[in-house]
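See below for the structure under consideration.
The values are calculated or read from the model by the stated rules, or taken from the named source; none is laboratory data. Keep in mind it's a predicted model, so treat the numbers as computed, not measured. All Cβ positions, glycine included, derive from the backbone under ideal geometry; neighbour counts span all protein chains shown.
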Amino acid sequence: MGQEEKKIIILATGENGDIIQREATREELDRIFFGEGKREWDNVHTVLPEPVWEKIYEDGYLLYEGYTIDHKAFGAGKAFYKDGTPRAEGIFSFKGLLCGREYYPNGKIRFEGSYRLNQAYGPNFPDFGSWYDKEGKLIYRGVIRVSRSSLGYPYAPEPKGFTWERHSPVKGHTFIWDDARKYIKQAVLNGEKADKNE
């Protein structure tokens, strides 16, 4: 399947927590993820290789099971704490979850909802969902307002006291923009080579 033919899929969480998938246009994707204007990596969704299913271990512990690119979480998967307790599950994107659930180390759900793809410093951050305390009691459901610290790192001033998995649920194994740029560069080089051969 060529670059122009590749479908663009939008993933979101439905009202009952189910993951919904539908085809979207490039313009819609740009508006959702890259609202600040066109970037050199806007084409990344069409140049990445197809994800493959694998298990990622570290020091003998299973940290992640699911789809990956270059041995990094990308697509549907599940991350674990070293004792085997689920840490996060859902659809992983460049810097962590895109939609899904995070869990406390005691196994109780911490957050369930959707995340915004972060093209700047820091991880993907939640933009809508349900936040629970360590006992599993719902604290808040709704829009998560996110700002940037003086260093540019995302934080949530609303709801007050809200926290999320600030680092990748699969530390060191999350696909990042530098990886994506590698594929864009390869695609550009391959395109240039093809033009010269014509």
All positions within the range 107-134 that are over 15 Å from Asp178 (Cα atoms) and of a type in the set (Gly, Ala, Ser):
Gly107, Gly113, Ser114, Gly129, Ser130
Do we find a residue being closer than 25 Å to Glu58 by Cα and of a type outside the set (S, T, N, Q) anywhere in the range 150-165?
yes
List the pairs whose first member sits in the range 83-97 and is more than 26 Å from Val44 (Cβ to Cβ) and surrounded by fewer than 24 Cβ atoms within 10 Å (Cβ to Cβ), whose second member is among the basic types (Lys, Arg) and at pLDDT 90 or above, and whose Cβ atoms are under 7 Å apart, counting only residues at least 6 apart or on separate chains?
Pro86/Lys78
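Yes/no per residue for (1) out of contact with any Cys (no Cβ under 8 Å at 6 or more places or on another chain); (2) at pLDDT 75 or above; (3) of a type in the set (A, V, I, L, M); (4) part of a strand (DSSP E or B):
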| site | (1), (2), (3), (4) |
| --- | --- |
| Ala156 | yes, yes, yes, yes |
| Glu165 | yes, no, no, no |
| Lys171 | yes, no, no, no |
| Asp178 | yes, yes, no, no |
| Gln186 | yes, yes, no, no |
| Leu189 | yes, no, yes, no |
| Lys193 | yes, no, no, no |
Go over the candidates Gly142, Gly77, Gly113 one by one and state the one that is small (Gly, Ala, Ser), closer than 29 Å to Ile184 by Cα and surrounded by 12 or more Cβ atoms within 10 Å (Cβ to Cβ).
Gly77
With the checklist (1) touching a residue at least 24 places away in the same chain (Cβ under 8 Å); (2) at positive phi in hand, flag the one item Gly107 doesn't pass.
(1)
If you scan the range 64-74, which residues turn out to be surrounded by fewer than 20 Cβ atoms within 10 Å (Cβ to Cβ) and without any contact (Cβ under 8 Å) to a residue 60 or more places away in the chain?
Glu65, Tyr67
